[in-house]
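Please read the structure below before turning to the comments.
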Amino acid sequence: MSVYGPVVKIHPVVVASIVDSYERRNEGASRVIGTLLGTIDKHSVEVTNCFSVPHNESEDEVAVDMEFAKNMYELHRKVSPSEVIIGWYATGYDITEHSVLIHEYYSREAQNPIHLTVDTALQSGKMSVRAYLSAPMGVPGKTVGVMFTPLSVKYVYYDTECIGIELLQKTRTSPSRTNGLTSDLTQVAGSAAQTQEMLSTVLAYIEDVLAGKVTADNSVGRYLMDLVDKVPMIPAEDFETMLNSNINDLLMVTYLTNLTQTQIALNEKLSPFLPTRPSPYPSSFILFKLLMPKA
Amino acid sequence: MLAQHSTVSLVRPCFLSGSQVVLKIIKHYQEEGQGSEVVQGVLLGLVVEDRLEITNCFPFPQHTEEDADFDEVQYQMEMMRSLRHVNIDHLHVGWYQSTFYGSFVSRALLDSQFSYQHAIEESVVLIYDPIKTAQGSLSLKAYRLTPKLMEICKEKDFSAEGLKKAAVGYENMFEEVPIVIKNSHLISVLLWELEEKSTVPSKHELLSLSSSSHLEKSLQMLMDRVDDMSQDIVKFNTFSRNTSKQQQQKHQYIQRRQQENTQRQSRGEPPLPEEDISKMFKPPQPPPRMDTLLIAGQINTYCQTVKEFTSQNLGKLFMAEALQGHNS
């Protein structure tokens, strides 16, 4: 039985799916549960996927559709064969007695399953995501119980996920909670604006330090030195030549692509001459060869 | 490939409800699609008064030779049945595909999209470009076939006459559908949480200047396509030359026949029987025009991508210049 170190790594896609299934829960259900899939490392657990499982919960009993869980797991296995069941999740803040029962079921499916709670009802003022491991406790032979020990939760991202999340973050600030995908130049402008903001914050801090309002911090000073040093000192002419050659490259590429587009447009217009009439030697072909000399 | 500017306002946006669709697609490619393989999956959602909302998705497993008996349809049916139990919309509204440097215009795509669009008019294909996304900006585009192209596919008439009749150029094959991401309040709460808790700094890949390898690769693919295109043109020209030669031959033959007949008549002999000309001169096969259209469309997409890329880089270079100018 492997014991995990106290860190559980979660991908944001998992929590987003959990929130979504919570929003779609049946009438009268106060919480949703589901299976967590992921990979187990020697020292940590990485949760990469999940799916919700229908269940019924009432005061004295709980029923989980195990057939369904098995089926879904098989289907998911077909797509990503490396993912295994590593635990289960439930929305809500507390751990109830029913959770213990469900946890027992999952212990049959996986070694030492993790239990994740996502507080969608925002009971503690924020949506807290917590993970637990179960450990038996009590007096052996007489009253035994199960104790859930908390683990620390860390979010991990793939690079592309980072960028996806960044985009999604923008929806927080818009009033209708919507966001379109912008064109490329606006994105560069956006990034530049962000950098500008950060620079002005730093500047404000420096002003404060100089005016004596805030005590200077040496480590911050060192970071600032690093920052200023990162701008390379290149003699002006060299930089000019570098810049110009780069710009020339890009302009040439733009010119060529425009040319190609014109070319195919021309080809399109000229080719409807069907060969039922004796056509002149197709001029589009000549044009093409002239303008795009290939070695 | 993109609809003309004047018609962009008429194209209704499609909504991506909830961030899990975006995140799932990203994750699917990241885990299963290394290299230049294409990953695909199905989009689920609903159509609300001619507006398309995508609420969930699930991936398709990769095709491997070992499971030749793997039944795709069965997988889909089972998945959708199961999802229905947990109240996830089980209406097939489209599909997604990852692409390699922007090359996705192919016959297969056309066929699949046609079958989807035939069933549900509003369905789209989402193209996710992971390499461009890794450079800093999420590249997710939704496309739909134009009604004109749908007509042609329905008739299955891909010959030159058919295409000319419908006046389909490479520019109006697909129309791009703008995507709007909509998040519920709960997801917004989640995003705030992530912002607080996450220790990963936002990557400023977008502002990096060293992206010339990407440009090289794109240009490489563009050149390959242009080669394909010119080969196609050569084929077409050979065909048209052959046809015109054949016409001439037919003409000559008919003339000779007539001459002979008049000669024979003048000599009082019975004229030669009229032979079936078309059997003698079999007309050559006209080359399919659909491929040319597809290649032209693909070239157009490449050009668009490269242009966007260069405009971005130009902006970055000017920023670098400003930074240097400040220093010196």
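Read-outs throughout are calculated quantities, based only on the coordinates presented, and are distinct from any laboratory measurement. Predicted model only: the values in this text are computed from it and were never measured. FYI the Cβ positions are ideal-geometry reconstructions off the backbone, even for glycines, and counts take in every protein chain you see.
Between B:Val48 and B:Phe318, what's the calculated FRET efficiency when r is the beta-carbon distance and R0 is 45 Å? Round to 0.05.
Efficiency at R0 = 45 Å is approximately 0.55.
Can you flag which of B:Lys141/B:Lys217; A:Lys269/B:Lys235; A:Lys70/B:Lys182 are past 26 Å Cα-Cα?
Violating the 26 Å limit, Cα to Cα: A:Lys70/B:Lys182.
Whose amide H sits under 5 Å from the amide H of A:Val146, counting only residues 5 or more places off or on another chain, with H placed in the peptide plane?
A:Met137
Which ³J(HN,Hα) values, rounded to whole Hz and listed in residue order, are derived for region B:214-223 from phi using the Karplus coefficients 6.51, -1.76 and 1.60 in 6.51 cos²θ - 1.76 cosθ + 1.60 with θ = phi - 60°, glycine and proline given as x?
Rounded to whole hertz, the list is 4, 4, 4, 4, 4, 5, 4, 5, 4, 5.
Which residues' amide hydrogens lie under 5 Å from the amide hydrogen of B:Leu91, considering only partners 5 or more residues apart or on another chain, with H built in the peptide plane?
Hits under the 5 Å cutoff: B:Gly45.
What distance in nm separates the two pseudo spin-label positions at A:Asp94 and B:Glu151, each 7 Å out from Cα along the beta-carbon direction?
6.7 nm
Compute the distance in nm between two label points, each set 7 Å from the Cα along the Cα-to-Cβ direction, one at B:Ser106 and one at B:His185.
4.6 nm
Expressed as a whole number of Å, what is the distance separating the alpha-carbon centroids of region B:81-98 and region A:61-111?
Their Cα centres are 21 Å away from one another.
For B:Asn183, enumerate residues with amide H under 5 Å from its amide H, sequence gap 5+ or separate chain, H modeled in the peptide plane.
Under 5 Å from the amide H of B:Asn183 lie the amide H atoms of B:Gly18, each far enough along the sequence or on another chain.
Among B:His118, B:Gln74, B:His92, whose Cα projects farthest towards the positive end of the dipole of region B:72-129, with charges put on the beta-carbon of Lys, Arg (+1) and Asp, Glu (-1)?
Looking along the dipole axis, the top candidate is B:Gln74.
Which order results if A:Thr215, A:Thr48 are arranged by neighbouring Cβ count within 10 Å, fewest first?
Exposure proxy ranking, most exposed first: A:Thr215, A:Thr48.
Could you tell me which GluC sites (Glu not before Pro) in region B:106-158 are loop residues by DSSP with no more than 13 other beta carbons within 10 angstrom of their beta carbon?
Taking region B:106-158 and a limit of 13 other Cβ atoms within 10 Å, the loop GluC sites (Glu not before Pro) found are B:Glu121.
How would B:His118, B:His28, B:His251, A:His103 line up from fewest to most surrounding beta-carbon atoms within 10 angstrom? Before the final figure, lay out the partial values.
Working: B:His118 13, B:His28 25, B:His251 10, A:His103 21.
In increasing order of surrounding Cβ atoms, one gets B:His251, B:His118, A:His103, B:His28.
Hey, what do the phi angles of region A:83-93 turn into as Karplus ³J(HN,Hα) couplings, whole Hz, using 6.51/-1.76/1.60 and θ = phi - 60°, x for Gly and Pro?
8, 10, 6, 10, x, 8, 10, 8, 8, x, 8
If I model a spin label as a point 7 Å beyond the Cα along the Cα-Cβ vector, how far apart are those points for A:Val214 and A:Ser128 in nm?
3.0 nm
Give me A:Val13, B:Val73 ranked fewest to most by other Cβ atoms within 10 Å of their Cβ, as a rough exposure proxy.
B:Val73, A:Val13
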